[in-house]
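> Structure provided below as structure tokens; questions to follow.
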Amino acid sequence: LIVQARLSVDQIGYIKKDQKVNVKLTGKNNRLYEPISGRVIGISPDAIYTEKENPYYEIRIETAQDYFEGGEEKYYMYPGTQVSAMIEIGSRTIADYILEPLLVNLNTALSEK
């Protein structure tokens with residue numbers, strides 16, 4: 001199944017084809033079903049601009065299956081099903097989160113104007 005997602009223009013630099021994606025069902029039942037895996041298979045060549053929305057890139061995601069599982073139940077996707085897509089852009093350790101503010105400030109503290 002192919003999912004079409006929108007990505008804000010300020011995030012496009014982090015995305016490339018074949019990146020792993022976790023697709024989750026949105027709405028009131030989202031906690032009942034496990035996310036399904038997928039991968040980015042396409043990125044629009046240009047940003048899309050409309051009068052009513054902020055510019056975005058269209059991302060195409062191929063999912064491993066066409067349904068969400070929750071225990072014994074399955075929720076099948078159909079055209080128009082609302083989902084959220086979490087594209088994996090890397091991993092960070094707890095130390096990365098703790099040290100990032102220090103390292104950013106260290107770089108500016110050691111610069112001369």
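The values are calculated or read from the model by the stated rules, or taken from the named source; none is laboratory data. Since the model is a prediction, treat every value here as computed from it, not as a measurement. Ideal geometry is used to build each Cβ from the backbone, glycine not excepted, and the neighbour counts take in all protein chains shown.
> Is it the case that ILE41 is in contact with an Asp or Glu (Cβ under 7 Å, 6 or more places away or on another chain) and without any contact (Cβ under 8 Å) to a residue 40 or more places away in the chain?
It is true that ILE41 is in contact with an Asp or Glu (Cβ under 7 Å, 6 or more places away or on another chain) and without any contact (Cβ under 8 Å) to a residue 40 or more places away in the chain.
> Another question, then. For a quick check of your reading of the model, give me the residue pairs whose first member lies in the stretch 92-105 and is modelled with pLDDT under 70, whose second is surrounded by 10 or more Cβ atoms within 10 Å (Cβ to Cβ) and not aromatic (Phe, Trp, Tyr), with beta-carbon atoms closer than 9 Å and at least 6 apart or on different chains.
That search, which allows pairs on different chains as well, returns ARG92/GLU100.
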